[in-house]
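Bear in mind that the values in this text are calculations on the coordinates, not laboratory data. As the structure is a prediction and not an experimental result, all values here were calculated from the model. Methodologically, a virtual Cβ is constructed for each residue, glycine included, from the backbone with ideal geometry; neighbour enumeration extends over all protein chains shown.
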Amino acid sequence: MKPIRSRIDEREAIFTYGDVMLCRGDYNQVIPLENRFDLIITSPPYNIGSKSPKFTGRRRFGGYDRKSWGAIEEYPDELPEDEYQRSQRTFLEWCARQIKPNGVIVYNHKLRHHDGTIIKPDEWFPSKKILVQCDEVVWDKKSTHNHCKQFTYPQSERLYIFKRPGANIYFRNQNFYWDSSGRHGVGDVWQIPRGRGEGHNAPFPLRLIRHCIRLWCPPNGIVCDPYCGSGTSMLSAFIEGRRFVGSELQQRYYEMAISRFKEHLGTPSGDLRRYMTDFMDVKLRRSDVESVANKV
């Protein structure tokens, strides 16, 4: 696969700050850096594909809104299920090529209901010759958008932890957030409220991603998120002192992630031009991209 410097052209955009890099575009084209990442942590589209309207208004009467969100408009999320599963298997195989020999993948997904049955993500996991699952965390989000009474309310998701066969991964089981002393380990059920208020349909909470980084990424390691969304993983890596490379396909989320990052730095979020190269104003020079890629 070609190095990153040959896959960026004037149609792309890139944001850099120190050892943080976020590219706008498809992950498979803008971050092809094989064997470079200590940790890939990401949450892909779930293929829930609902185009039905919201069903709200019950909360004011003490009830649940049956569906507090409606159609997903920003990206196609209604592929035929077999096509979606093939795409996710291909994505995980891509991740396997990107991590270092002892790197880790934290893959966030959930159980989905379809025609009265449950679809589990392990139905599309790659061959154990490529990746092996070494751990699993149940993320109890403590609430849900979906209050359909055809099944139990789905308020949990999963963090599937993968490594390459035979890898000796970095792992430090310390209960950073539930016990600040760090003397005790963490269990496999994490009760962390879902992210809110970031302008994204389903943002990661900072607490969740920071904890994953502390557990599975060595100090000064390199974190990657191919579906960066509103930028929680980028901000978490920066706060935890790790390097970061990520991508986001949607322009709105790409700019949102940069604004959040700049807000954390204490700089005005309205003017992104100081740190961002945009194809409408400036053509990316190959040397610019090389200098960023060489940092990781």
Modelled FRET efficiency - R0 45 Å, I239 with Q29, Cβ distances, 0.05 increments: 0.95
Nearest-0.05 FRET efficiency for D140 and E83, computed from C-beta distance (R0 30 Å): 0.45
Distance between modelled label sites at L265 and D122, nm, 7 Å Cα→Cβ extension: 4.3
Total formal charge among the other residues, if their Cβ is under 9 angstrom from that of E136, Lys/Arg +1 and Asp/Glu -1: -1
Highest-first arrangement of 225-235, 79-89, 253-263, where packing means the average Cβ count within 10 Å: 225-235, 253-263, 79-89
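What FRET efficiency, computed as 1/(1 + (r/R0)^6) with R0 = 35 Å and r the Cβ-Cβ distance, is obtained for R112 and Q251, rounded to the nearest 0.05?
0.80
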Distance in nm between pseudo-label sites at Q174 and V189 (7 Å out along the Cβ direction from Cα): 2.6
Too-long pairs where the Cα-Cα distance tops 19 Å, listed order kept, from K129/K163; K100/K141; K110/K142; K100/K129; K100/K163: K100/K141
